[in-house]
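Shown next, in structure tokens, is the structure this report addresses.
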Amino acid sequence: GAGVSQSPRYKVAKRGQDVALRCDPISGHVSLFWYQQALGQGPEFLTYFQNEAQLDKSGLPSDRFFAERPEGSVSTLKIQRTQQEDSAVYLCASSQQGGQPQHFGDGTRLSIL
Amino acid sequence: QQPVQSPQAVILREGEDAVINCSSSKALYSVHWYRQKHGEAPVFLMILLKGGEQKGHDKISASFNEKKQQSSLYLTASQLSYSGTYFCGTAQTGNQFYFGTGTSLTVIP
């Protein structure tokens, strides 16, 4: 597709459930970022991929968060045993190379009840 | 690690100018600027890669003072469409990318 695609757009889960969020980056983009954005705040860095390699996961808030990009294109962010504080918009962005302009998807709005 | 932006919020009338500042306590290697409208994803505006570099895009331009670890975004003759939250973003050591604290800009008729 022409842009970054994220699915689902909205996800409601009960506390304790596992969720999986998908990101389909722009074709050919090497770099992929995941961000968490709380209401009224700026995006906060979670993790970075260069092709299939996860080069930085320092922003993942706990070991309940896991991200992968096995074939260097589509990426999945998984959150296990969700907590209410996980409620946020999760944004994915891709760029041609590290340091280049980032193109964002519309995000997944996650609500934990 | 998160760059600090000022002002936090600004209200302009159409046609007025504004300056948004971004300051980092860490060395800046590059600065990105993005605009995010309510309920939408951030949209890339421009990137500055070298100290002292200035870039312009229509009536929006930016400067980057590497020595002072600062960048400024200049909006001239503001239009209603300029309303949104502006974020600077910087690459840090490793591969982290940090967005600034954000500046809410509202342009009124």
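The values are calculated or read from the model by the stated rules, or taken from the named source; none is laboratory data. These figures come from a predicted structure and were not determined experimentally. Heads up, the Cβs are rebuilt from the backbone with ideal geometry, glycines too, and the neighbour counts pull from every protein chain shown. Just the protein is used for accessible areas: all its heavy atoms, side chains included, with ligands, DNA and RNA removed. Shrake-Rupley method; radii C 1.70, N 1.55, O 1.52, S 1.80 Å.
Stokes-Einstein diffusion of chain A at 4 °C, 1.567 mPa s viscosity, Kirkwood radius from Cα pairs, rounded to a whole number: 94 µm²/s.
Peptide A:101-111 is shielded by partner chain Cβ atoms: per residue, an average of 3 of them sit within 10 Å of its Cβ. Computed log10 I(q)/I(0) for the protein assembly as shown at 0.08, 0.10, 0.16, 0.17 Å⁻¹: -0.29, -0.45, -1.09, -1.20, from the Debye equation with unit scatterers placed on every C-alpha and solvent omitted.
Summed over both chains, the contact between A and B buries some 1400 Å² of accessible surface at a probe radius of 1.4 Å. Exposed loop positions in chain A were taken to be trypsin sites (Lys or Arg not before Pro) whose DSSP state is not H, G, I, E or B and which have at most 14 other beta-carbon atoms within 10 angstrom. Between these positions, the longest stretch is A:16-63. The alpha carbons of the range A:43-84 give a radius of gyration and a Dmax of 10.6, 32 Å, in that order.
Gyration tensor over the Cα atoms of the range B:1-106: the corresponding equivalent ellipsoid has semi-axes (square roots of 5 times the eigenvalues, largest first) of 22, 15, 12 Å.
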